[in-house]
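Report on the structure given below.
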Amino acid sequence: MADTQHMDEAAEEERMMLDAIEKWLEQKVKPVAMQLEHDDEYPTDLVEDMKELGLFGALIDPEYGGLGLSASTYARIVTRIAEEWMSLTGIFNSHLMMAQIVQRFGTDKQKEHWLPKFATGEIRGGLALTEPNAGTDLQALTTKATLQGDKYIVEGAKTWISNAIEGSCVALLVKTDPSAEPRYKGMSILITQTKDSDGKDLPGVKNGNKLEKLGYKGIDSGELIYDGYECDAELCLVGGEEGKGFFMATGGLEIGRINIAARSVGIARRALRESVAYSQTRHTMGKPICEHQAIQLKLGEMGAKTRAAELLVEDAARAYDTGQRIDMEAGMAKYFASETAVEVATEAMRIHGGYGYSKEYPIERLYRDAPLMCIGEGTNEMQRIIIAKQLVKRNPV
Ligand SMILES: Cc1cc2nc3c(=O)[nH]c(=O)nc-3n(C[C@H](O)[C@H](O)[C@H](O)COP(=O)(O)OP(=O)(O)OC[C@H]3O[C@@H](n4cnc5c(N)ncnc54)[C@H](O)[C@@H]3O)c2cc1C
């Protein structure tokens with residue numbers, strides 16, 4: 001009985017949140033998304049709305065001021081926002097990956113210090129793993145943190161970091177013991193604040209270039225350069241113990257992968273919706289193109305794959321909510337949904353003919369945004385390897 005009541009309350013909360021998001025998308029996002037995208041402009045006003053909606057605290061426990069949403073509800077929200085403008089989802093997801101690392105692995109003192117400010121969006125940021133010479137092979141990274149007294153001194157550079165310029169804090173994967181073997185045993189995560197409350201660089205850290213991209217416009221992807229940066233060890237070394245960073249980072253990526261999969265579903269759904277509508281209004285040879293079998297074959301495949309991707313995301317999010325490691329479920333959802341997004345966006349472009357290539361329609365944006373889903377939070381090559389390893393591990397003979 002108590003369980004049923006809890007489920008009813010959760011369903012009601014989810015409905016209210018989705019209604020609020022729906023209104024915001026309709027009233028605030030739709031009118032400006034196309035322009036901001038083509039101007040590659042950071043959506044400052046929308047970020048303020050996102051703070052009010054609680055999105056920066058979506059997965060943070062209510063005890064620290066967050067909404068404490070389940071991964072399932074979160075994934076639905078991400079999909080819906082990505083249908084309108086995928087870039088927005090990166091602004092809060094990268095931030096929430098940083099927050100999840102503190103929430104899952106931080107000390108009580110670290111949670112109390114960081115999470116309330118993360119939940120309101122007063123401090124926003126992301127996850128800084130990648131370096132110029134270390135992407136997939138994260139253990140090759142060279143950014144180094146050395147303990148001196150009660151402080152860490154950080155030296156090194158990160159690249160491709162979402163929110164590196166507009167945000168002011170990152171969960172930074174570093175080597176605390178560069179000579180450790182195996183290499184992952186020498187890795188730790190530090191929460192490093194990079195800017196003060198006025199947005200000025202803190203001593204010892206600065207942004208390098210803002211990186212120009214094919215898609216994912218509006219959100220900043222940048223470099224971070226650490227040169228003698230100092231931070232308080234007790235507040236910054238997540239969990240208070242060196243050598244655990246690699247597992248924290250890969251654990252943090254699970255929710256990131258569910259998010260990427262949910263975004264991919266958003267891209268695919270929008271491309272499908274636009275195609276179903278367009279194919280009924282565009283006529284050739286005396287009939288709407290949706291009556292040509294060549295177009296029907298495309299729509300049928302797009303519809304089936306988009307629905308399958310949705311179901312894989314739901315499955316992975318439900319598994320995440322049980323608190324288990326879910327590399328395989330998140331990997332399957334991320335791999336399949338992102339490949340589906342690329343396929344469905346490409347087919348949508350073909351269905352739209354020349355108009356698919358026009359900047360006046362959303363199709364070219366979906367087409368540019370989809371491939372990133374195959375790269376971010378672990379490439380799809382790696383996802384298939386992770387899935388295979390898990391299949392063998394879970395089914396020994
Ligand atoms: C827009 C954008 C935003 C990003 N945001 C962030 C961010 O916020 N934080 C962050 O830390 N990083 C971020 N990244 C970086 C991203 O995570 C990396 O680009 C990605 O992990 C791949 O690393 P790489 O580019 O170094 O490619 P590489 O690792 O050099 O890989 C190149 C190719 O080789 C394949 N490959 C590599 N190793 C293997 C292997 N063992 N077996 C089979 N195939 C292999 C890869 O799959 C890929 O096809 C972002 C990237 C982009 C483009």
If Asp321 passes every condition in (1) modelled with pLDDT of 95 or more; (2) more than 16 Å from the ligand (Cβ to nearest atom) but one, which one does it miss?
(1)
Single residue of segment 328-363 satisfying the filter (part of a helix (DSSP H, G or I) and among the aromatic types (Phe, Trp, Tyr)) that is nearest to the ligand (Cβ to nearest atom)
Tyr335
Looking at Glu41, Glu9, which is the one that is out of contact with any Lys or Arg (no Cβ under 6 Å at 6 or more places or on another chain) and part of a helix (DSSP H, G or I)?
Glu9
The condition of being of a type outside the set (Phe, Trp, Tyr), buried (at least 17 other Cβ atoms within 10 Å of the Cβ) and in contact with a His (Cβ under 8 Å, 6 or more places away or on another chain) holds, among Gly222, Gly106, Gly156, Gly125, only for Gly125
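Counting just the residues of segment 96-143 that are part of a loop (DSSP other than H, G, I, E, B) and either of a type in the set (Val, Ile, Thr) or touching a Cys at 6+ places or on another chain (Cβ under 8 Å) (or both), which one comes out farthest from the ligand (Cβ to nearest atom)?
Top of the filtered list is Thr107.
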Inside segment 356-374, the number of residues satisfying the requirement of being of a type outside the set (Lys, Arg) and either touching a Gly at 6+ places or on another chain (Cβ under 7 Å) or surrounded by fewer than 15 Cβ atoms within 10 Å (Cβ to Cβ) (or both) is 7
Among the numbered criteria (1) within 16 Å of the ligand (Cβ to nearest atom); (2) farther than 26 Å from Ala128 by Cβ; (3) among the aliphatic types (A, V, I, L, M); (4) in a loop (DSSP other than H, G, I, E, B), which one does Leu366 miss?
(4)
Looking only at segment 263-310, and only at residues there that are among the small types (Gly, Ala, Ser) and either in contact with a Pro (Cβ under 7 Å, 6 or more places away or on another chain) or touching a residue at least 60 places away in the same chain (Cβ under 8 Å) (or both), the one that is farthest from Leu366 (Cα to Cα):
Ser279
With the requirement that a residue be buried (at least 22 other Cβ atoms within 10 Å of the Cβ) and part of a helix (DSSP H, G or I), what does segment 375-387 give you?
Gln383
Name the pairs: first residue in segment 117-140 and free of Cβ contacts under 8 Å to residues at least 12 places away in the same chain, second residue hydrophobic (A, V, I, L, M, F, W, C) and more than 8 Å from the ligand (Cβ to nearest atom), Cβ to Cβ under 7 Å, at least 6 apart or on different chains?
Lys117/Ile123; Asn133/Ala140; Ala134/Ala140; Ala134/Leu141
Just checking, which of Gly240, Gly208, Gly222, Gly215 is outside the structural domain of Gly300 (by TED's automatic domain parsing), in contact (Cβ under 8 Å) with a residue 12 or more places away in the chain and over 23 Å from the mean Cα position of the chain (by Cα)?
Gly240
Being touching a helix residue (DSSP H, G or I) at 6+ places or on another chain (Cβ under 6 Å) and of a type in the set (D, E, K, R) is the filter here; which residues of segment 299-314 pass it?
Lys305, Glu310
For segment 82-95, state whether one or more residues are acidic (Asp, Glu), touching a Gly at 6+ places or on another chain (Cβ under 9 Å) and at negative phi.
yes
Could you pull out the residue among Thr322, Thr346, Thr340 that is of a type in the set (Val, Ile, Thr), closer than 27 Å to Gly215 by Cβ and surrounded by fewer than 20 Cβ atoms within 10 Å (Cβ to Cβ)?
Thr346
Run Asp49 past the list (1) free of Cβ contacts under 8 Å to residues at least 40 places away in the same chain; (2) buried (at least 17 other Cβ atoms within 10 Å of the Cβ) and report the number of the one that doesn't hold.
(2)
Considering only segment 230-243, I want to know if a residue exists there that is within 15 Å of the ligand (Cβ to nearest atom) and among the aliphatic types (A, V, I, L, M).
no
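The values are calculated or read from the model by the stated rules, or taken from the named source; none is laboratory data. Treat the numbers as computed from the prediction; the structure is a model and nothing was measured. Don't worry about glycine lacking a Cβ; one is built from the backbone with ideal geometry, like all the others, and counts go over all protein chains shown.
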